[in-house]
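Q: I am attaching a structure below and will ask some questions about it afterwards.
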Amino acid sequence: MSEVTDIRLKKIADLKVPSPGFGGMSVSNAYGKADDEQSKELLRHAIKLGVTFWDSADIYGCGHNEKLLGSVLAEGDNRSKVFLATKFGFVFDEETGRGNDEVRGDREYIRQAIENSIRRLGTTPDLYYQHRVDPKTPVEETYSALEELRKEGKIKHIGISEPSVESLKRAAKVAKISALQVEYSPWTTDIERNGLLATARELGITIVAYSPLGRGFLTGRFKSPTEFEEGGVTPAQLCLAWVAAQGEDIIPIPGTKSIERLEDNWASREVKFTSEELKEIRDVIDGLNIAGERYPDFRMKHIGK
Ligand SMILES: NC(=O)c1ccc[n+]([C@@H]2O[C@H](COP(=O)([O-])OP(=O)(O)OC[C@H]3O[C@@H](n4cnc5c(N)ncnc54)[C@H](OP(=O)(O)O)[C@@H]3O)[C@@H](O)[C@H]2O)c1
């Protein structure tokens, strides 16, 4: 792997976007209750800072997340400043806020899903991911339907999340895939071994690293600020800078409900590692004894399809 010289700007398709991005899930009650007015302030602050690679999904808060992000994007010229991603696939009822954990990727469903996302966002997304591959529908049907949406101008780029290597390769034969969203952090490095990272690189697809802070578990590694030298990095910054340093083509998208932590995460782009430090961190990671699955069974069953 070549050394990453600048972790602040990352390539996606023919564009450069600022890294880290912003994962929107937390502002729709994913990890405890969020307050909409505070979340809007957070989103406005993100734009001011330059955190403009945003990630949403229709299922986050069953439509709530897209509406919230859309309301801030509708203010002034905000929309033109943000590269906006959303996802479809988990079936839910927007009225009741309920989902039954079913995944759909058929053409008819995709056509409805994009119209609903555009309505809630008040704009067309720049990047549209299939959240989970639907084993009942041929990947070719899903990705040719997405390619149609792209040609019609309803989406600009196509993404895929948590597929198997085989599905990724099949999808890339019928559509231009710009992004692969997968869990990747110092404690979840599966993509380095299961073929997804190598396949994405062969196909020129950018990796969007979700839960780069290990869903917050990795941010408590150090118990006291006195354990750091003056001007030292925080555990969150260390995680994000490490993920970003794994390739020009890897963009971490941490989530937070707090302006203070947004700023903490954004400052990770200033962290520079020497090759000795990267090797030292890699040795620590290789020595970790991580056990267990990333999700409970009802969620794991949708991964790697
Ligand atoms: N494609 C998929 O299937 C998929 C799955 C999961 C997530 N995602 C995307 O990835 C994004 C990020 O993943 P995630 O939210 O699951 O996990 P994450 O970014 O690894 O961690 C988020 C947690 O870390 C805490 N945190 C954030 N910054 C911190 C800091 N500087 N110091 C200490 N704690 C900090 C947050 O708490 P506070 O809010 O209190 O700051 C929150 O509880 C999501 O928002 C979503 O957009 C995609």
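The values are calculated or read from the model by the stated rules, or taken from the named source; none is laboratory data. It should be emphasised that the depicted structure is a prediction, and the values quoted were computed from it without experimental measurement. Quick reminder, even Gly has a Cβ in these numbers, built from the backbone with ideal geometry, and neighbours come from all protein chains shown. Remember, those area values only see protein heavy atoms, side chains included, never the ligands or the DNA or RNA. Shrake-Rupley method; radii C 1.70, N 1.55, O 1.52, S 1.80 Å.
Q: Has segment 72-83 got at least one residue that is under 25 Å from residue 303 (Cβ atoms), within 14 Å of the ligand (Cβ to nearest atom) and either at pLDDT 95 or above or open to solvent by 10 Å² or more (accessible area, probe 1.4 Å) (or both)?
A: Within segment 72-83, none of the residues are under 25 Å from residue 303 (Cβ atoms), within 14 Å of the ligand (Cβ to nearest atom) and either at pLDDT 95 or above or open to solvent by 10 Å² or more (accessible area, probe 1.4 Å) (or both).
Q: Quick check: is even one residue across segment 165-184 within 27 Å of residue 261 (Cα to Cα) and without any contact (Cβ under 8 Å) to a residue 40 or more places away in the chain?
A: So far as segment 165-184 goes, yes, one or more of its residues are within 27 Å of residue 261 (Cα to Cα) and without any contact (Cβ under 8 Å) to a residue 40 or more places away in the chain.
Q: Report the residue count in segment 144-163 for those that are outside any helix (DSSP H, G or I), farther than 26 Å from residue 216 by Cα and either open to solvent by 30 Å² or more (accessible area, probe 1.4 Å) or touching a residue at least 60 places away in the same chain (Cβ under 8 Å) (or both).
A: The total comes to 4.
Residues are listed down the side, and each one gets a yes or a no for (1) surrounded by 20 or more Cβ atoms within 10 Å (Cβ to Cβ); (2) out of contact with any Lys or Arg (no Cβ under 7 Å at 6 or more places or on another chain):
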site	(1), (2)
166	no, yes
169	no, yes
183	yes, no
187	no, yes
196	yes, yes
201	no, yes
211	yes, yes
217	no, yes
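Q: Residue under question is residue 61, and the condition is that it be in contact with a helix residue (DSSP H, G or I) (Cβ under 6 Å, 6 or more places away or on another chain), within 16 Å of the ligand (Cβ to nearest atom), small (Gly, Ala, Ser) and closer than 20 Å to residue 254 by Cα; does it hold?
A: yes
Q: Let me ask another. Among the residues of segment 102-128, which ones are open to solvent by 10 Å² or more (accessible area, probe 1.4 Å) and assigned to a helix (DSSP H, G or I)?
A: 107, 108, 109, 111, 112, 115, 116, 118, 119, 120
Q: For residues in segment 1-44 being open to solvent by 20 Å² or more (accessible area, probe 1.4 Å), assigned to a strand (DSSP E or B) and within 19 Å of residue 267 (Cβ to Cβ), which is farthest from the ligand (Cβ to nearest atom)?
A: So the residue we want is 9.
Q: Conditions first: (1) within 17 Å of the chain's Cα centre (by Cα); (2) buried (at least 20 other Cβ atoms within 10 Å of the Cβ). Residue 294 passes all but one, so which condition is the exception?
A: (2)
Q: Here's another thing I want to ask about it. When you scan segment 252-290, how many residues do you find that are under 30 Å from residue 102 (Cβ atoms) and not β-branched (Val, Ile, Thr)?
A: 4
Q: Considering 251, 290, which residue is of a type outside the set (Lys, Arg), under 24 Å from residue 30 (Cβ atoms) and at pLDDT 95 or above?
A: Of the residues listed, the single one that is of a type outside the set (Lys, Arg), under 24 Å from residue 30 (Cβ atoms) and at pLDDT 95 or above is 251.
Q: Then there's this: Which pairs have Cβ atoms under 6 Å, sit 6 or more apart or on different chains, and link a residue in segment 45-61 that is part of a loop (DSSP other than H, G, I, E, B) and modelled with pLDDT of 95 or more to one that is more than 8 Å from the ligand (Cβ to nearest atom) and small (Gly, Ala, Ser)?
A: Pairs found: 58/117; 60/28; 61/28.
Q: While we're looking at this one, here's another question. Going through segment 62-72 one residue at a time, which ones are part of a helix (DSSP H, G or I) and of a type outside the set (Asp, Glu)?
A: Scanning segment 62-72 gives 64, 65, 67, 68, 69, 70, 71, 72.
Q: The conditions are (1) part of a loop (DSSP other than H, G, I, E, B); (2) within 16 Å of the ligand (Cβ to nearest atom), and residue 197 fails exactly one of them. Which is it?
A: (1)
Q: Do you know which residues across segment 100-124 are over 22 Å from the mean Cα position of the chain (by Cα) and at pLDDT 95 or above?
A: Once the filter is applied, which keeps residues that are over 22 Å from the mean Cα position of the chain (by Cα) and at pLDDT 95 or above, segment 100-124 yields 106, 107, 108, 109, 111, 112.
Q: Determine whether segment 202-215 contains at least one residue that is out of contact with any Phe, Trp or Tyr (no Cβ under 6 Å at 6 or more places or on another chain) and at pLDDT below 95.
A: yes
Q: A further question on this structure: Considering segment 20-66 alone, what residues qualify as being under 14 Å from the mean Cα position of the chain (by Cα) and of a type in the set (Gly, Ala, Ser)?
A: 21, 23, 24, 26, 56, 57 - these are the residues of segment 20-66 that are under 14 Å from the mean Cα position of the chain (by Cα) and of a type in the set (Gly, Ala, Ser).
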